[in-house]
Structure formats: structure tokens, C-alpha cells
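Below: the structure, in C-alpha cells.
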Amino acid sequence: MRIGILSRGPELYSTSRLKEAGEALGHEIDVIDTLHCYMDITSNRPTVRYHGVELPLYDAIIPRIGASITFYGTSVVRQFEMMGTFCINESVAISRSRDKLRSLQLLSRKGIGLPRTGFASKPDKVDDLIKNVGGAPVVIKLLEGTQGIGVVLAETKKAAESIIEAFMGLKANILVQEYIKEAGGADIRCLVVGGKVVAAMKRQAPDGEFRSNLHRGGSAEVVKLTPEERKTAVNAAKVMGLNMCGVDILRSNSGPVVMEVNSSPGLEGIETATNKDVAKMIIQFIEKTAKPNKTRTKGKG
């Protein structure tokens, strides 16, 4: 098979591992810089051009779209979909997962466990907003934040009001969520491929920090999932329409709650913690699944 990886950095761990795994299984793997793609939007013959030449027809595309280029990146993925190429994650699903508010609304509609969450526009509703999610302490999140950036823990009602008003004064879109104290600064990253959890790790925040992101100094170890946690991760991926994703779960007193669904999860932390060849599993899923014109949305939406 000929497989293209849309990625800005061929040297990045996840990209290089996917290329290595694909080549080890006998496939031809091209790493394509997403921002250097440009599209020929012609009736009945859409194409993608790259460094002055038309890209070949790929059997499959693996999008590794960074949050900062979501709009352009999903446009490129959509162009491949219109060409009939199988994309492991489709453009609509990637866009859906990148919109934190839309993600939570979709998960809520399907009954997936979530922390109590509020969203508002005007500061005069701040008091009721905090009260509705269970009162302080609360977690305040920028909708556009990634890797723990733009996530603040407000330990008192007064602090929460000040932070919310400051963000709103900057016209930033924010979510206010209940703080799951019993999680103890830990979350679980479940790697879902093809409707199955293929690897899971527990991430623990360092002392004095509540964010467990590995980029922020968190540690990781292999974890045994409960059947309910496994089911929650699989259902969350299904709701978002993602064939491959990372689902971040907190262990709360009311059961597992989903914090986020990541359409381009990093592989380094979870492969290191679990000693599993996740990259190989992703390529094997593509081997079994990729067929021309199998894209569900066919570039629509």
C-alpha cells in the first residue's frame, strides 16, 4: 500500500514511528508537510499538489493535524476524501473533536459521562455559572487551549469570578467545569484504534500541579481499565466519528468522565509506558480497513 502521513515534522516521534511501522510491514510511506500542500479544486477531478507536482493517489492518509492549523489541515484532508482516498480520521470528525464545546455537547447527547460543565458569554451570569457546576473549586478552560495551556484551577468562588471576568474581558471563549477532586491530579489516556482500546496509561500530575499532561511534567504508567472505562472510551471515539484517537478519562465518584477526545494523540508517552507497538496497530488497522471511496462523508460537511 502507499500511505501518506500529513505532518509538519517528519522528525517528530509519532510521525517517525508510523513511517517506521508502515515500512516494516512492507508499505510505501510518504511524510507530507500539510502546509505545503495546495489544492486544485476542479470539477470532477480534485487533486492535491505538493512542491510543484501532483501527489499520487494514496491508498490511505494518516492526518497528524496540529491544533494551530486545524482549518487548513482539515481542508487538505477533505480534498483527499473527495479524491476517494481512505483517511483514518475524516475531516468532519477532526473538526468536531477540535471544538471542545461541540465535543462535549455531542458526548452529552449520547449519555457519555462528563464533568458538570458551563458555558456563558456575559459576566453578569458568572455567579450562577459557578453555582451550576457545583461551586468552587472549578476548572476554567480556554476553548482553544491544548496540552494543558489555558487551563486554570480556581480554588475559591472569588478567584473563579475574577479569572472568568478577566477571560471574558479579553473576549475569550471559556468552559467552566467541576473539579474532580477524587481523581487526585491523575487521568487516564486510552488509545482507541478501530473501536478498541489498544493501550492505556495513567498520567499523574507532579506535586503542586493539577494538570497531568506529560508536556507539563506529568509521569505515566500502565493502568488496568475497568470494563466501564473501556466502554466509555470506545463510545466516546464512536460518537466523535474517529477511527483513531486518545480519550482522556477521569475516575470520579460517579464513574468515568471524559475530559477530552484527541484526534492526533502522541504515541511516545503511551508506547513508552505500556511497551506496546501502537504505531504497528494503526498500520494494521489501515491494512484491514482502507478501501477506495470508503470515506463516510465523502468530503461533505
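The values are calculated or read from the model by the stated rules, or taken from the named source; none is laboratory data. Please read all numbers here as calculations on a predicted model, not as lab measurements. Here the Cβ is made from the backbone with ideal geometry for all residues, glycine too, and neighbour counts use every protein chain on show.
Criterion first (in contact with a strand residue (DSSP E or B) (Cβ under 7 Å, 6 or more places away or on another chain), in contact (Cβ under 8 Å) with a residue 24 or more places away in the chain and within 25 Å of residue 288 (Cα to Cα)) does residue 112 satisfy it?
On the way: in contact with a strand residue (DSSP E or B) (Cβ under 7 Å, 6 or more places away or on another chain): yes; in contact (Cβ under 8 Å) with a residue 24 or more places away in the chain: yes; within 25 Å of residue 288 (Cα to Cα): no.
The answer is no for residue 112.
Which strands (runs of 3 or more DSSP E) sit wholly inside region 1-113 and have at least 1 residues that are out of contact with any helix residue (DSSP H, G or I) (no Cβ under 7 Å at 6 or more places or on another chain) and over 30 Å from residue 176 (Cβ atoms)? Spell out how you get there, then give the answer.
On the way: elements: 2-6, 28-32, 37-40, 47-50, 60-63.
Of the strands (runs of 3 or more DSSP E) lying wholly inside region 1-113, those with at least 1 residues that are out of contact with any helix residue (DSSP H, G or I) (no Cβ under 7 Å at 6 or more places or on another chain) and over 30 Å from residue 176 (Cβ atoms) span 2-6, 28-32, 37-40, 47-50.
Results for (1) surrounded by 14 or more Cβ atoms within 10 Å (Cβ to Cβ); (2) of a type in the set (A, V, I, L, M, F, W, C); (3) modelled with pLDDT of 85 or more; (4) in a helix (DSSP H, G or I), shown as yes or no for each residue.
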site	(1), (2), (3), (4)
120	yes, yes, no, no
130	yes, yes, yes, yes
152	yes, yes, yes, no
160	yes, yes, yes, yes
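Filter region 242-262 for residues that are at pLDDT 95 or above and part of a loop (DSSP other than H, G, I, E, B); which is surrounded by the most Cβ atoms within 10 Å (Cβ to Cβ)?
So, considering only residues that are at pLDDT 95 or above and part of a loop (DSSP other than H, G, I, E, B), the one surrounded by the most Cβ atoms within 10 Å (Cβ to Cβ) is 242.
Against the conditions (1) touching a strand residue (DSSP E or B) at 6+ places or on another chain (Cβ under 7 Å); (2) surrounded by fewer than 15 Cβ atoms within 10 Å (Cβ to Cβ); (3) basic (Lys, Arg), where does residue 45 fall short? Just the number, please.
The failed condition is (1).
Mind checking which residues of region 37-63 are without any contact (Cβ under 8 Å) to a residue 60 or more places away in the chain and either outside the structural domain of residue 79 (by TED's automatic domain parsing) or within 23 Å of the chain's Cα centre (by Cα) (or both)?
Correct list: 37, 61.
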